[in-house]
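The structure under discussion appears below in the form of structure tokens.
The values are calculated or read from the model by the stated rules, or taken from the named source; none is laboratory data. Keep in mind it's a predicted model, so treat the numbers as computed, not measured. Counting neighbours? That spans all protein chains shown, and the Cβs are built from the backbone with ideal geometry, glycine included.
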């Protein structure tokens, strides 16, 4: 599996370099928009690392009602249930945009974690942050207004704090998906998006860009 321990200049683990050098069977896949990576209830055998693009995680009820549990981007990991003891997928994963991902079998991931402490720490830290985000989203859903929930969701998708600059690019995400993510309706999301646009928090060019100033919505009492 190798002992690659590459770090970026900032001290961050260089995931892409490590994945390129991993000595195991892996697949680098180009996945078109709207294509499913896996379905709820299917065998959980692989972990996915996003190189580019965005992925939506969602669950479906027996009545086919959709609940979005995450919108992920470059550098994120999904399908982690396979290395935590689950034999079935707990959700569905679909490409929101065209994506490039690396897919690795769970046995190779577990082996790499045993052989490389830096990789293990990266993956554990990433999954702990994902768990914290899920908990924060639940608290957000219970106690905050729809406006604050939408603002937080847009900042998360735009990877606020992970990228620099006053404008953060957001993939093209339909308002039904945003509504499902924040527990609201498409009508409410549309009204709030128009409000954010008038206030200059978001702009539309080829796609949508989110200004850091949208954070002010979250800081209001």
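What the table shows:
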read-out: Matching helices (runs of 4 or more DSSP H) fully within segment 165-221 where at least 2 residues are touching a residue at least 24 places away in the same chain (Cβ under 8 Å) and either farther than 21 Å from residue 137 by Cα or in contact with a strand residue (DSSP E or B) (Cβ under 9 Å, 6 or more places away or on another chain) (or both); value: 175-182, 186-198
read-out: Positions within segment 31-68 being assigned to a strand (DSSP E or B) and either in contact with a helix residue (DSSP H, G or I) (Cβ under 8 Å, 6 or more places away or on another chain) or surrounded by fewer than 13 Cβ atoms within 10 Å (Cβ to Cβ) (or both), in sequence order; value: 36, 43, 46, 47, 49, 51, 56, 58, 66, 67, 68
read-out: Filter pass, residue 141 being modelled with pLDDT under 85, surrounded by 13 or more Cβ atoms within 10 Å (Cβ to Cβ) and part of a helix (DSSP H, G or I); value: yes
read-out: Any hit, segment 197-218, residues being modelled with pLDDT under 90 and within 18 Å of residue 58 (Cα to Cα); value: no
read-out: Residue that is at pLDDT below 85 and over 25 Å from residue 138 (Cα atoms), where the choices are 9, 84, 52; value: 9
read-out: Test: residue in segment 105-128 that is touching a residue at least 12 places away in the same chain (Cβ under 8 Å), closer than 24 Å to residue 88 by Cα and assigned to a strand (DSSP E or B); value: yes
read-out: Output for segment 91-108, where each listed residue is over 21 Å from residue 40 (Cα atoms) and surrounded by 18 or more Cβ atoms within 10 Å (Cβ to Cβ); value: none
read-out: So residue 134, is it out of contact with any helix residue (DSSP H, G or I) (no Cβ under 8 Å at 6 or more places or on another chain), in contact (Cβ under 8 Å) with a residue 24 or more places away in the chain, assigned to a helix (DSSP H, G or I) and under 27 Å from residue 80 (Cβ atoms); value: yes
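Let's see how each residue does on (1) in the same structural domain as residue 21 (by TED's automatic domain parsing); (2) on the phi > 0 side of the Ramachandran plot; (3) modelled with pLDDT of 85 or more; (4) out of contact with any strand residue (DSSP E or B) (no Cβ under 7 Å at 6 or more places or on another chain):
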site: 112; (1), (2), (3), (4): yes, no, yes, yes
site: 118; (1), (2), (3), (4): yes, no, yes, no
site: 122; (1), (2), (3), (4): yes, no, yes, no
site: 125; (1), (2), (3), (4): yes, no, yes, yes
site: 128; (1), (2), (3), (4): yes, no, yes, yes
site: 132; (1), (2), (3), (4): yes, no, yes, yes
site: 155; (1), (2), (3), (4): no, no, yes, no
site: 159; (1), (2), (3), (4): no, yes, no, no
